[in-house]
Amino acid sequence: MKLTYRRCGDYYLPNIGIPAEDMRPLGKYGRMRLRYLREHRSLLFNQLLLSGKLMKHLYSIDDACQERLDLLIHDIILQSMD
């Protein structure tokens, strides 16, 4: 991983930021996972955060939970029609 720096007065500061593709809103289940990691799994939270994989992890959890919820709702609708 290569870091770039910008000059700010007499100091060089690293150019650190979140890539543009990671700027979509986080859903309910992603926020729940984030809260759980912060409160109960701080070591894993810090590892994901420092490696830059936290948002990717949260988005994957949110997407998987949303797909599962959609599947369950569909199954419930089909059962109620029988």
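Since every read-out is calculated from the coordinates, none of them should be taken as a lab result. Keep in mind that this is a model prediction, so the values were computed, not measured. Here Cβ is always computed from backbone atoms with ideal geometry, including for glycine, and neighbour counts include all displayed protein chains.
The figures follow:
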| quantity | calculated |
| --- | --- |
| Cβ-derived FRET efficiency at R0 41 Å, residue 80 paired with residue 53, nearest 0.05 | 0.55 |
| Net charge, residue 74 excluded, C-beta distance under 15 Å - Lys, Arg +1, Asp, Glu -1 | -3 |
| Percent RCO, i.e. relative contact order, over the chain, from Cα pairs under 8 Å lying at least 6 residues apart | 25 percent |
| Label point at residue 32 placed 7 Å out along Cα→Cβ; residues across the stretch 48-67 whose backbone nitrogen lies under 16 Å | 58-67 |
| The chain - convex hull of alpha carbons, volume per residue in Å³ | 131 Å³ |
| Cβ-placed point charges (K, R +1; D, E -1), dipole of the chain about Cα centre in debye, nearest 20 | 580 debye |
| Over the stretch 43-82, volume per residue of the alpha carbon convex hull, in Å³ | 42 Å³ |
| Formal net charge of residues neighbouring residue 34 (Cβ-Cβ distance under 12 Å; K, R +1; D, E -1) | +4 |
